[in-house]
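Beneath this line is the structure, given in structure tokens, with notes to follow.
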Amino acid sequence: MKYLFYFFILFVVFSCDGSGNAESDSLIESFPETISSGWYQKGKDSIRIIAHGGASAYEPFNSIPAFKKAFELNSDGIELDLMNSKDDSLMVFHDLNTERFTGANYNIVDTKFEKLRTLDIGKGEKMPFLNEVFKILPPGKKIYLEIKWWQDPTARKNARLIEKLIDQIEKSGRINDCVVVCLDINYLIKIKLRKPELNLFWINYDVENCKKTGDLLSKYNLQGCNILYSIINLELSNSLVARNKFLFAWTINDGALALDLCKKYKINGIFTDKPDVIRNSLSKLMK
């Protein structure tokens with residue numbers, strides 16, 4: 001009966017035209033539980049250090065060298081950003097436009113991957129494909145996939161992008177090591193409908209949203225949240241602990257700040273450009 005429920009909701013939320021463009025962004029009432037609390041129970045007493053765009057303090061942001069450097073520095077996982085090219089290739093890049101990181105002015109969703117791959121994202125590095133990152137992901141390491149394409153109105157309605165993301169995750173054989181992350185909870189719900197067993201995190205930097213984070217994570221069966229560190233408070237921390245939900249903080253590069261935050265609140269993970277600095281600072285706390 002649980003999966004019949006999903007098929008019905010898929011029909012409602014993903015009513016598409018012939019081009020595969022999803023028409024609805026409306027939230028549904030709630031989700032049944034599809035992932036056991038085992039993942040939370042295994043990780044609730046540890047603090048995971050996640051390299052933000054790789055070890056991006058030392059190598060170009062969202063580059064293959066940055067991801068490799070993160071693993072050299074013993075990061076527990078990496079975080080990367082996903083955009084789509086004009087031909088729906090999944091590109092590892094943060095912005096809708098390439099100028100900030102490359103100096104060249106191209107809107108990613110309007111540009112084919114062949115052109116995007118000629119751009120220099122730093123130190124002569126190319127913009128990676130998602131499947132290239134999966135190939136260098138060591139066993140046991142996590143990968144946090146932050147969807148950025150939802151910001152573009154056309155890409156947001158392109159249901160093929162969700163299918164392509166799920167397909168690449170499945171082909172990687174690393175679904176249990178993947179966490180899909182997005183600022184838009186509506187978009188996370190669409191992904192949950194397509195692949196209920198995926199672990200999903202909601203990003204939040206709004207104080208008012210913080211007050212309802214625990215309730216929303218439980219209602220839509222999301223596994224955790226990634227919160228701007230400066231708005232984390234005791235009420236939020238206790239709320240997530242009570243609901244068996246993960247609390248990750250972003251982006252912290254100061255070791256003393258990370259240590260102080262982890263002493264005050266139940267933090268399960270930290271996103272950082274400097275995984276070595278944070279690990280060194282938290283080493284006594286994590287023993």
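If only residues of the stretch 239-285 that are of a type outside the set (S, T, Y) and in a strand (DSSP E or B) are counted, the one that is nearest to Y58 (Cα to Cα) is F271. Do we have N226 as assigned to a helix (DSSP H, G or I) and either over 21 Å from A57 (Cβ atoms) or touching a strand residue (DSSP E or B) at 6+ places or on another chain (Cβ under 6 Å) (or both) here? Answer is no for this residue. Scanning the stretch 188-217 for residues that are part of a helix (DSSP H, G or I) and either touching a helix residue (DSSP H, G or I) at 6+ places or on another chain (Cβ under 7 Å) or more than 20 Å from Y144 (Cα to Cα) (or both) yields K190, I191, L193, R194, V207, E208, N209, C210, T213, G214, D215, L216.
So which of E114, E132 ends up being more than 24 Å from I189 (Cα to Cα), part of a helix (DSSP H, G or I), free of Cβ contacts under 8 Å to residues at least 40 places away in the same chain and not polar (S, T, N, Q)? Criteria check complete, one pass: E114. For the stretch 151-166, the set of residues classified as within 17 Å of W202 (Cβ to Cβ) and at pLDDT below 95 consists of Q151, R156, listed by residue number. Select from the stretch 94-111 the residues that are acidic (D, E), within 22 Å of K157 (Cβ to Cβ) and either in contact with a strand residue (DSSP E or B) (Cβ under 9 Å, 6 or more places away or on another chain) or without any contact (Cβ under 8 Å) to a residue 24 or more places away in the chain (or both) and list them in ascending order. Within the stretch 94-111, D95 is the sole residue that qualifies. Among the residues of the stretch 62-94, what is the count of those that are of a type in the set (D, E), out of contact with any Phe, Trp or Tyr (no Cβ under 7 Å at 6 or more places or on another chain) and not in a helix (DSSP H, G or I)? Total meeting the criteria: 2.
The values are calculated or read from the model by the stated rules, or taken from the named source; none is laboratory data. Keep in mind that what you see is a predicted model, and the values were worked out from it rather than measured. Methodologically, a virtual Cβ is constructed for each residue, glycine included, from the backbone with ideal geometry; neighbour enumeration extends over all protein chains shown.
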